[in-house]
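The values are calculated or read from the model by the stated rules, or taken from the named source; none is laboratory data. Note that the coordinates shown come from a computational prediction; the quantities given were computed from them, not determined experimentally. Cβ: placed from backbone, ideal geometry, glycine included. Neighbour counts: every protein chain shown.
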Amino acid sequence: MKTRTLVLAAVAAVGLGSMVTMASPAQAPAAPKAVETEKIKDTLYLLKGGGGNTALFLTAKGAVVVDTKLPGWGQPLLDAIRRVTDKPVTMVINTHTHYDHTNGQVEFPANIEVVAHENTKTYMSQANPVYALQSGPQPNIFKEHGGQEVLEYTDAPEPEITANDVLVEVKACALNHLDIWARRGLPGIQIPLPHILGNDIAGVVREVGDLVSGVRSGDEVMLQPGVSCGHCLECLAGRDNLCSEYDILGYGRAGGYAELVAAPAVNIIPKPANLSWEEAAALPLVTLTAWHMLVTRAAVQPGETVLVHAAGSGVGSIGIQVAKLRGARVIATASSNEKLAKAKELGADEVVNYSDVGWPREVKRLTNKQGVDVVFEHTGADTWSGSIASLKRNGRLVTCGATSGYAAQTDLRQVFYRHLTILGSFMGSKAELLEAMKFVESGRIRAVIDQVLPLAQARRAHELLEDRAQFGKLVLEVSSRQ
Ligand code: ZN
């Protein structure tokens, strides 16, 4: 409890504190040429967000927004643009008021074209920022359960570690649906408040406890999300996800929406060199979950057909890959044609749009009226009865979640007449994640990242996840003050 309380403080000065110290030498900006409204419209992704005293950078992937009230915003902005794209970038500044707003903060490289428009603010308010540097109170921790607005970006003291812990400097932390559940609050589950979310963490070991061996300060690591007692029957049998004291980083204890996190040393996995920080953060929880569901629980066999729901979700994107590794034929579902195309790129053999109410019939058609051997369920109420109907005789349904609601209807006649098996699945063991990591290292399981946002934009990231706007994982990038 002591550690947990102190961890909250670690959140602090993350993002902005470090970002604003890296300004480049001054240089007078060249006079920008005026640009037509139509050109901006063509380039922009017209969604929502942004606003304020801002400059807008248009990239192939989306807009990069900066708050020019922040001193020294130039260099971190260029770093952000570089991360988003290596293509030429257009910077739109306001003709009337902001021509000189770079204020000597930054020397723009040749791939940034500076143009002027009389009203950037209009476009700012419509842009969908893929990266934003903004001032003012920002989300990070929450002190009460509720909507996105309860997230606060604030200071906190450094976490303390026990003799068996490591202190990790967080580089990236991925979002999971569990973040949403924890933020909203679940009946009967006590989450100590204020709380720091974040189950999926990658970073650098800063400090190790006195009893820790095999890990050193400076090691690049990812963290197993599950925390268990380590000495009960289940733990010793390698079923640590069934430990009665099982917890998850960022759930019952502080997680990775912070500059520093304390975690048991046994949770450390060396970060494979072929992964970026964002990829390393995006993988653990969903890989563990998908592996446990398909390999351990459903025991998918070569030649079987697996229906994987919500290909655009983090767990769905890995579920497709794991099912393919097992030699299965994969039918993936998603809610839009764009997501279905991406599911095919990930290896799905067939795709079905589940926003069409007749989707179970389409699954039957694709399986010669037989149905599938296995359904990979995590969406819950919206898809449940269709999932049951899509199974062939003697089929298995494995479920790890209920993002659309848990009060699903089951026609029991379907279960007994057709000899179905319903398998619950919760996280997975540490050993299973280590097994799966072999395939991550060889590139056969890869992280699917929709976008990376700075920690200060956690509220926006929650909004995207709740809107199911993404394909793959949303990752928060955490910058250290050093
Ligand atoms: Zn245990």
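Do we find that ASN337 is more than 25 Å from LEU178 (Cβ to Cβ), at pLDDT below 95 and not aromatic (Phe, Trp, Tyr) in this structure? Against the criterion (more than 25 Å from LEU178 (Cβ to Cβ), at pLDDT below 95 and not aromatic (Phe, Trp, Tyr)), ASN337 qualifies. Considering only the range 181-201, I want to know if a residue exists there that is crowded, with 18+ Cβ neighbours inside 10 Å, in the same structural domain as VAL166 (by TED's automatic domain parsing), over 30 Å from ARG468 (Cα atoms) and out of contact with any Pro (no Cβ under 9 Å at 6 or more places or on another chain). No: the range 181-201 contains no residue that is crowded, with 18+ Cβ neighbours inside 10 Å, in the same structural domain as VAL166 (by TED's automatic domain parsing), over 30 Å from ARG468 (Cα atoms) and out of contact with any Pro (no Cβ under 9 Å at 6 or more places or on another chain).
If we keep just the residues of the range 427-468 that are touching an Asp or Glu at 6+ places or on another chain (Cβ under 8 Å) and outside any helix (DSSP H, G or I), which is surrounded by the fewest Cβ atoms within 10 Å (Cβ to Cβ)? Once the filter is applied, the top-ranked residue is ARG446.
Under 8 Å between Cβ atoms, which residue pairs at least 6 apart in sequence (or on different chains) link something in the range 385-408 that is surrounded by fewer than 18 Cβ atoms within 10 Å (Cβ to Cβ) with a partner that is of a type in the set (A, V, I, L, M)? Close Cβ pairs (under 8 Å, with a partner that is of a type in the set (A, V, I, L, M)) amount to SER385/ALA408; ASN394/LEU420; SER404/ALA381; GLY405/ALA381; TYR406/ALA381; ALA407/ALA381. Scanning the range 252-259 finds one or more residues that are within 16 Å of the ligand (Cβ to nearest atom), within 17 Å of LEU178 (Cβ to Cβ) and touching a residue at least 24 places away in the same chain (Cβ under 8 Å).
Quick check, is VAL315 part of a helix (DSSP H, G or I), within 24 Å of PRO225 (Cβ to Cβ), touching a Ser or Thr at 6+ places or on another chain (Cβ under 9 Å) and not charged (D, E, K, R)?
Working: part of a helix (DSSP H, G or I): yes; within 24 Å of PRO225 (Cβ to Cβ): yes; touching a Ser or Thr at 6+ places or on another chain (Cβ under 9 Å): yes; not charged (D, E, K, R): yes.
Judged against the criteria, VAL315 is a match.
Checked against (1) more than 16 Å from the ligand (Cβ to nearest atom); (2) under 18 Å from ALA182 (Cα atoms); (3) of a type in the set (Val, Ile, Thr), VAL227 passes all but condition (1). Which of the residues that make up the range 283-330 are more than 22 Å from LYS473 (Cβ to Cβ) and not basic (Lys, Arg)? Correct list: THR296, ALA298, ALA299, VAL300, GLN301, PRO302, GLY303, GLU304, THR305, GLY327, ALA328. With respect to the conditions (1) under 23 Å from the mean Cα position of the chain (by Cα); (2) surrounded by fewer than 22 Cβ atoms within 10 Å (Cβ to Cβ), GLY424 falls short on a single one, namely (1). For the range 326-347, a tally of residues being within 15 Å of ARG468 (Cα to Cα) and in a loop (DSSP other than H, G, I, E, B) returns 2.
Residues in the range 278-294: is at least one touching a residue at least 40 places away in the same chain (Cβ under 8 Å), surrounded by fewer than 24 Cβ atoms within 10 Å (Cβ to Cβ) and among the aromatic types (Phe, Trp, Tyr)? Please lay out each step first, then the result.
Start the filter on the range 278-294 by keeping residues that are touching a residue at least 40 places away in the same chain (Cβ under 8 Å), which leaves 278-294.
Those left that are additionally surrounded by fewer than 24 Cβ atoms within 10 Å (Cβ to Cβ): 278-279, 292.
Now restrict to residues that are among the aromatic types (Phe, Trp, Tyr): none.
Taking every residue of the range 278-294 in turn, none turns out to be touching a residue at least 40 places away in the same chain (Cβ under 8 Å), surrounded by fewer than 24 Cβ atoms within 10 Å (Cβ to Cβ) and among the aromatic types (Phe, Trp, Tyr).
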